[in-house]
Structure formats: structure tokens, C-alpha cells
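Worksheet: the structure to be examined is printed underneath.
The values are calculated or read from the model by the stated rules, or taken from the named source; none is laboratory data. Note that the structure is predicted; figures quoted are calculated from it, not measured. All Cβ positions, even for glycine, are placed from backbone atoms using ideal geometry, and neighbour counts span all protein chains on display. Just the protein is used for accessible areas: all its heavy atoms, side chains included, with ligands, DNA and RNA removed. Shrake-Rupley method; radii C 1.70, N 1.55, O 1.52, S 1.80 Å.
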Amino acid sequence: MPTITVDGRRLEVPEGSTLLQALDELGLLMNGVDVPHYCWHPKLSVDGSCRLCQVEIEGVPKLQIACDTPVADGMVVHTTSERVQRAREGVMELLLVNHPLDCPICDQAGECKLQDYAVDYGLDHARTREPRRPGRKRVELGPTIVFDEERCILCRRCVRFCREVPETGELVVENRGDRSRITTFPGTPLDNPYSMNVADVCPVGALTTRDFRFKVRVWDLDEVPGLCTGCSKGCNVHVGVARGAVQRYTPRRNDQVNETWICDEGRLSYREIGAPDRITRPAVRDAEGRMQPVSIARAIERAAERIRAAVLREGPAVVAALASPHATNEDLTELRRLLDGIGTATSGAAVVEGEPDGLLLQAERAGNARGARDLGFGDPGLVFEKIRGGGVRVLLVMGRDLLAEPFLGGTDPLASLDAVILLDTHRSALEQVADVVIPGRMLAEKGGSMTNHAGLVQRVPAALEPAFDAHAEGAVLARLRAALELVLPARSEGAA
Amino acid sequence: MVSTLVAQAPEATVLSDELRAAIDREIARFPEPRGALLAALRLVQDELGCIAPPTARAVAEIFGLHPAEVLEVLSFYNLFHTEPQGRHEVRVCTNLACSLRGARTLLRELEEHLGIRAGQTTPDGRVTLGHEECLGACGYAPMLRIGDRYHEELDGPAARALVDGLP
């Protein structure tokens with residue numbers, strides 16, 4: 001490996017990489033070695049158009065752009081010299097020559113590289129008197145993205161993203177010189193399943209998502225590390241929380257999982273957290289068959305009564321469970337302990353599948369399908385068979401995936417059971433056949449670990465508290481186990 | 001990354017067999033097919049007069065490019081047109097030398113004479129008037145070109161006579 005010296009630090013760098021790539025791979029870029037840049041992106045091809053990353057290399061007469069300069073053994077680089085500083089100031093002045101300076105009404109303000117570097121390298125006044133180039137302010141490039149031409153610095157990250165990642169290529173720079181502008185072909189809008197990533201790669205406020213535009217100021221957001229739970233990929237996200245609600249997901253870089261991307265469907269899946277169809281209160285069915293809201297303690301007590309009665313009458317084998325592939329490993333471990341305590345092995349997890357897209361989106365549309373399998377909750381076919389054959393009296397259901405077509409296709413097969421105990425986050429037809437309904441929490445509301453399709457276990461903290469009284473499923477199941485262990489004869493005999 | 005997210009198949013105008021064959025001959029001359037894009041666009045414009053969006057789609061299909069990539073090339077070169085032009089293209093050079101010798105006045109006079117602005121075509125479709133950057137004839141300024149021919153050392157009456165003589 002070549003050795004280079006950057007600002008007096010000797011670094012071993014990967015052969016054949018560029019300076020910026022090498023710094024990025026060593027984790028030093030903007031984290032010890034500040035080489036500001038706009039057009040360079042770690043996951044896109046080199047463009048070399050913004051000219052901001054110029055550095056001084058000993059023995060080379062002119063400054064070189066670090067994004068397109070390959071490392072060489074013995075190279076001595078200076079990133080903080082007076083020459084470099086002046087070059088950055090010059091580049092910033094040119095990039096800002098036509099900038100509308102509309103930060104107060106710009107959605108990017110607060111997370112804008114133009115603002116950041118203008119503070120570091122910008123002049124505090126303009127030396128130009130010419131009018132600024134006017135541009136179109138609200139161009140709908142497609143169903144998800146709005147473009148502000150005046151703010152664009154033509155770094156072409158969005159153009160390269162569309163060509164290189166989804167390989168759809170909708171965006172181009174048309175014309176040339178000071179008439180250059182980002183556009184789409186007439187009748188072919190920016191519309192692909194990864195389109196909203198262009199707003200993330202845009203270093204300025206030119207590209208914004210229609211979803212997040214003008215919703216909340218970014219400095220009002222608490223950004224907590226989280227995971228997208230839409231499929232089994234486990235894409236890393238920042239969960240942006242403000243006013244007690246999740247306002248957005250943005251991709252969080254993880255080169256092992258999602259690099260710096262997320263699909264549009266996954267990005268918008270944060271909406272499920274604040275959705276109006278959340279189950280918000282525990283309820284039990286009364287003697288007239290109506291659901292009555294109760295305390296969570298009473299709901300757990302009722303669930304325990306149902307399980308206890310069935311076990312005493314017909315033995316533990318008539319109790320079955322369907323684990324949620326959306327629950328955390330911690331939740332599912334509690335479910336496993338509960339089932340072991342009861343003494344039943346009839347369990348599985350229904351995982352809804354769709355078409356994978358060859359990029360991020362996996363066939364299994366559940367964040368912890370692999371984790372559920374690893375904990376022994378596999379093919380639910382046997383559970384359904386046993387339900388249809390009358391061998392199940394009490395069914396503990398986490399999640400509503402079993403209603404999907406390849407599984408039960410509806411609630412009819414559940415109507416003849418003694419009791420369905422439902423532990424779920426969102427309302428569904430299951431409530432009509434449930435004897436007990438207990439609200440659960442989404443991952444962002446409880447934290448925990450999930451195992452992605454490749455077996456990678458990822459743990460994230462809770463990002464917010466739900467607005468209603470709900471407990472993590474694991475906590476509910478632990479209380480249910482506590483309620484049962486006291487009285488289950490099979491268990492106490494076994495322990496004695 | 002390998003993607004399955006292929007852009008939708010565009011509806012395209014059909015290019016004539018002769019044109020298609022000429023484009024294929026150009027493609028055969030380059031190591032990368034897209035190297036022949038400029039040559040192909042010239043052939044298309046020579047035959048059709050302009051390269052409207054449906055035509056650009058057809059060309060993109062031949063080269064396996066996104067139509068937007070063809071637009072990018074078309075818009076970069078001001079000798080390509082995406083809208084129909086008049087039978088005669090009259091372009092007055094307004095670069096430095098010609099402007100110093102009265103090219104801008106010349107252009108204004110032609111605008112008045114033809115009753116159109118630079119960039120427009122006469123209603124009868126006879127003349128498209130426009131300006132052009134340096135055509136390399138600074139020693140003979142001011143000048144204009146009509147199609148591929150240069151006309152040099154002009155003044156107002158001479159330019160008007162030229163334009164009036166166009167069929």
C-alpha cells in the first residue's frame with residue numbers, strides 16, 4: 001500500500017484510490033482532514049466540476065482536485081495552506097455568483113453545504129454588481145421532487161445518481177455555459193423507485209422532496225439512528241423527530257447494507273408510525289361481544305385467563321402463536337420464552353413477499369423476517385393447518401401479515417377458536433375476531449435489534465415515545481408470562 | 001449495482017431505412033457506438049430539418065441511450081435544432097469583431113426588414129433569422145451565413161438584398 005503524507009500525517013492508503021477516496025476510506029474526510037467538496041460523492045463516479053476540493057501537492061506546480069488525483073507513494077499533500085484557502089475562497093465566490101441568497105425561505109437551510117462552506121470560505125459581501133441569473137423556482141421534475149434552478153450549482157450529483165444507481169437516467173444538464181440547467185426529457189419525468197435520493201445527494205437546496213418540503217425546520221429535528229423496517233434489507237436511516245412525531249427518514253450511510261441510499265417506499269414508510277389507524281388502547285371483548293377499552297394490566301390478565309383455561313382443559317398443545325416478522329429480536333425472544341413456559345411448540349411467522357428490485361428492496365417485506373426464523377419462527381404452514389384442523393383453541397397473534405392471500409386470506413378460519421389474542425401496531429380485520437387486543441410499538445418507538453436478510457444484527461435506540469399508552473411487545477409478553485407462570489400447573493410441576 | 005429498473009420503452013418516430021443504414025455506417029466507424037451520436041444527429045437533421053423530441057427518442061433507441069442523454073447533446077450544440085426551421089437559415093455573427101463593425105445594427109435591420117425577431121421564422125417559412133458566435137471570418141466583418149455559405153463585408157442594403165434574393 002502506498003504511503004502518503006497529508007498535513008504532516010503519514011497515512012497508508014489503498015492502491016489506485018483517489019485522494020478523497022483514500023481519506024473517506026480511512027474515515028478522515030471531514031473528520032480530521034477537511035477537504036470541502038460538492039460534486040464528489042463516495043458512491044458516485046468522479047465529476048470534477050465543483051473545483052472546491054483543490055489541494056496542494058509538493059512537486060506539482062498547480063493545485064490539484066483531490067477527487068480526481070490518484071494517490072502515489074511518497075505524495076505530500078497540504079490541505080490547509082494559504083494557497084488552498086485562497087483557492088477555496090475563489091471557488092466559493094464563483095459558486096455563489098448567481099445564488100439567490102434565499103436561505104430564510106429555503107428548506108435546505110441548516111443542512112446546506114453551501115451555507116456551511118460559505119461560513120468557512122465565503123466573503124461577507126458580493127463583489128459583483130451584475131444582476132443574478134434568474135431561474136425557475138418550482139419545477140416539478142417528477143412526482144416526488146421539486147427543483148429550484150436558482151439554487152443549483154450544477155454539481156451533477158443527481159444526474160450521476162440516476163444514471164449509476166437506479167440506471168434510469170432521467171436527469172441531464174441541458175445547454176451549456178451559464179445557460180446550463182438540470183432538466184428531464186419532455187414527457188419523461190424523474191420517476192423511479194429511488195428518485196428521492198437525489199434530494200439527499202443534492203448538497204444545496206435545489207432538489208427537495210415534496211414529502212418533506214416546508215414541513216419542519218431541520219434544526220428542530222432530533223435525528224436518531226434507526227432502521228427502515230419495510231423489507232428485510234435493514235437499510236440504515238436517520239429518524240427525524242419533531243413535535244412528537246417522525247417527520248422523515250433519510251438514509252444513514254452503511255457500506256455493508258444500503259451504502260448511502262434508501263428506496264422511496266422505505267423512505268416514506270415512516271408514515272406508518274404516525275398513521276391514523278394505529279391501535280392506541282388495549283381492549284377486551286365483553287359478554288355481549290363488544291370490544292371494551294381496558295387497562296393494559298386487565299388485557300394481559302384476560303389473555304392469561306384464556307390461555308390458562310385452554311391449557312387446563314386440553315393441554316398446552318392447543319395454544320399456538322404467530323410471531324411478527326416486524327418485531328424485534330428482543331420481542332421475539334420473549335415470545336419464545338412464553339411459549340416454552342406454556343409448553344407449546346406450535347408457532348411460525350407469516351412473512352409477506354413481493355418482487356425484489358435487484359438494488360435494495362428484498363422479497364421479504366418485513367424488517368426482521370430473518371431474525372424470526374433464527375429464533376425458530378419459520379414457515380407458518382403447520383400452524384394454519386392445525387387451526388383449520390381444529391387443533392388450536394387459543395391463538396396469540398403478533399402482526400396482521402397472516403391475513404394476506406398466501407396465508408389465511410381473511411379471518412374466517414379464526415372464527416371458531418376460543419380466543420384470539422392480538423398484539424399489533426395497526427388496526428385490521430383481526431380485531432373483529434380478537435378476544436383481547438393489545439397495542440404494540442413500532443421499532444422507532446422502542447428500539448431493539450433486527451437481523452437483516454444477510455444475517456447482520458443491527459441494534460438501534462428508541463427515537464420517540466408513542467402518543468398513547470403502548471408497550472413494547474416484549475414487555476407485554478414478559479408480563480403475560482409472569483401472569484401465567486404463577487398458576488400453570490404443568491410448569492410448576494416441571495419446576496418442582 | 002445491477003438494476004432491474006429499466007426506463008419505459010419510448011414511443012418513437014420511425015427513421016427511414018436509408019437514414020438508418022447511414023447511421024449504422026457511422027456507428028461501425030467508432031469503437032463505442034455512442035461515439036457516432038453527433039454524426040448520426042447531423043444526418044437526421046439534414047434529412048428532417050430538425051430533431052424534435054420524438055425523433056430524439058428514436059435516435060436514443062438506436063444508441064441504447066436515455067432520450068435525455070440525446071437532449072443533452074442536442075442542447076449543447078447550437079447548430080442542432082429541436083424545432084422546425086425556415087427553408088433558409090440566416091445567421092448574423094455578433095461576436096466581437098463583427099459587433100465592432102456594426103453587426104448588431106445589421107441584425108436589427110434584418111429583423112425590421114423581415115418583420116421577425118432573431119430566433120424566429122417568417123410566417124411563410126422562408127427564412128429563419130438568428131445570430132451566431134464567431135464564424136472565423138473576422139477579417140471580413142460584419143458577416144452572416146446562409147446555410148453553409150458565408151457572405152462577408154456586408155452593410156444594411158447588401159444584407160437586405162441577399163435575404164430578398166432567397167427563393
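A few notes on this one:
- Residue mean of other protein chain beta carbons inside 10 Å, A:28-34: 0
- Every helix of 4 or more DSSP H residues in chain A counts as -39500 (n - 2.57), and over all residues that averages to -7000 deg cm²/dmol at 222 nm.
- For chain A, A:C53, A:C67, A:C103, A:C106, A:C112, A:C152, A:C158, A:C162, A:C202, A:C231, A:C263 stand unpaired, since no other cysteine beta carbon lies under 4.7 Å from theirs.
- Exceedance of the 27 Å cut-off in Cα-Cα distance is limited, within the set A:K137/A:K215; A:K43/A:K446; A:K113/A:K137; A:K43/A:K233, to A:K43/A:K446.
- Share antiparallel - DSSP beta bridges, region A:283-495, percent rounded to 5: 40 percent
- Rolling a 1.4 Å probe across all protein chains gives A:Y117 an accessible area of roughly 10 Å².
- Label zone at A:E58 (point 7 Å along Cα-to-Cβ), backbone N below 15 Å, region A:10-45: A:10-11
- With DNA, RNA and ligands ignored, accessible area of A:C158 (1.4 Å probe; Å², nearest 10): 10 Å²
- Accessible-area rank, largest first, for A:E314, B:E72: A:E314, B:E72, with all protein chains present and a 1.4 angstrom probe.
- In this assembly, the B-A interface accounts for approximately 1900 Å² of buried accessible surface in total, computed with a 1.4 Å probe and without ligands, DNA or RNA.
- Fraction of antiparallel bridges per DSSP, the protein assembly as shown only, in percent to nearest 5: 65 percent
- Spin-label zone in region A:422-448 - amide nitrogen under 16 Å from a point set 7 Å from the Cα of A:T280 along the C-beta vector: A:425-428, A:438-442
- Using C-alpha pairs under 8 Å with a sequence gap of at least 6, the mean separation divided by the residue count of chain B gives a relative contact order of 17 percent.
- Nearest-10 value in Å² for the accessible area of A:V294, using the 1.4 Å probe: 40 Å²
- Charge sum, other residues only, whose C-beta stays under 15 Å from B:E32's C-beta, Lys/Arg counted +1 and Asp/Glu -1: -1
- Cysteines having no other Cys beta carbon under 4.7 Å from their own, within chain B: B:C50, B:C134, B:C138
- Evaluated with a Cβ-only charge set (Lys, Arg +1; Asp, Glu -1), region A:152-201 carries a dipole of roughly 260 debye about its Cα centre, given to the nearest 20.
- What the Cβ-Cβ distance of A:L123 and A:E164 gives, at R0 = 45 Å and to the nearest 0.05, is a FRET efficiency of 0.85.
- Relative contact order of chain A: 11 percent, from C-alpha pairs under 8 Å at least 6 residues apart in sequence.
- With contacts taken as Cα pairs under 8 Å at a separation of at least 6 residues, region B:88-164 carries a relative contact order of 39 percent.
- Reduction of at least 30 Å² in accessible surface, 1.4 Å probe, comparing all protein chains with the chain by itself, residues of region A:337-385: A:D357, A:L359
- FRET efficiency for A:R427 and A:D374, using Cβ-Cβ distance with R0 set to 22 Å, rounded to 0.05: 0.15
- When the chymotrypsin sites (Phe, Trp or Tyr not before Pro) in region A:200-244 are filtered for DSSP coil states and for at most 16 other beta-carbon atoms within 10 Å of their beta-carbon, the remaining sites are A:F214.
- Residues of region B:70-87 buried by at least 30 Å² on assembly (accessible area, 1.4 Å probe, chain alone as reference): B:L71, B:E72, B:S75, B:F76
- Viscosity 1.567 mPa s, temperature 4 °C, Stokes-Einstein D of region A:3-95 from Kirkwood C-alpha radius, µm²/s: 99 µm²/s
- Rounded to two decimals, the Cα radius of gyration of region A:377-486 over 2.2 N^0.38 Å is 1.18.
- Sites A:L382 and A:M1, calculated FRET efficiency, Cβ-Cβ separation with R0 51 Å, nearest 0.05: 0.40
- Shielded residues, region A:185-230 - accessible-area loss of 50 Å² or more between chain alone and all protein chains, probe 1.4 Å: A:F185
- Assuming charge only on the beta carbon of Lys and Arg (+1) and of Asp and Glu (-1), the dipole of region B:17-76 about its Cα centre is about 80 debye to the nearest 20.
- Rough spin-label spacing in nm, given labels placed 7 Å along Cα→Cβ, for B:A52 and A:A467: 5.3 nm
- The protein assembly as shown - percent of accessible surface contributed by carbon and sulfur, probe 1.4 Å: 50 percent
- The gain in end-to-end length when the B:D124 to B:L96 segment is fully stretched comes to 6.9 nm, 0.36 nm per residue minus the alpha carbon separation.
- Distance (nanometres) between label positions extended 7 Å along Cα→Cβ at A:R10 and A:R213: 5.4 nm
- When A:D47, A:D277 are compared by accessible surface with a 1.4 Å probe, the order from highest to lowest is A:D277, A:D47.
- Trypsin sites (Lys or Arg not before Pro) within region A:264-345: DSSP coil, no more than 16 neighbouring Cβ in 10 Å: A:R290
- Helix-only CD estimate at 222 nm, as mean residue ellipticity for chain B, using -39500 (n - 2.57) per DSSP H run (n ≥ 4): -12500 deg cm²/dmol
- Residues in the protein assembly as shown average 46 Å² of solvent-accessible surface per residue, probe 1.4 Å, ligands and nucleic acids excluded.
- Loop-located trypsin sites (Lys or Arg not before Pro) across region A:88-163 with a Cβ neighbour count of 12 or fewer within 10 Å are A:R127, A:R129, A:R136, A:R138, with loop assigned by DSSP.
- A:R86 paired with A:A454, simple spin-label distance in nm, labels 7 Å along Cα-to-beta-carbon: 4.7 nm
- Signed unit charges on C-beta, dipole axis of region A:3-95, positive-most listed residue A:A72, A:G16, A:P42: A:P42
- Note on chain A: dipole from Cβ charges, positive end direction compared against A:L430, A:V319, A:L443; the farthest Cα belongs to A:L430.
- Antiparallel bridges, percent of DSSP beta bridges restricted to chain B (to nearest 5): 55 percent
- Farthest towards the positive end of the charge dipole of chain A, among the residues A:A310, A:H125, A:V91, is the Cα of A:H125, using unit charges on the Cβ of Lys, Arg, Asp and Glu.
- Here the protein assembly as shown is assigned +1 on the Cβ of each Lys and Arg and -1 on the Cβ of each Asp and Glu. Its dipole about the Cα centre then comes out at about 1120 debye.
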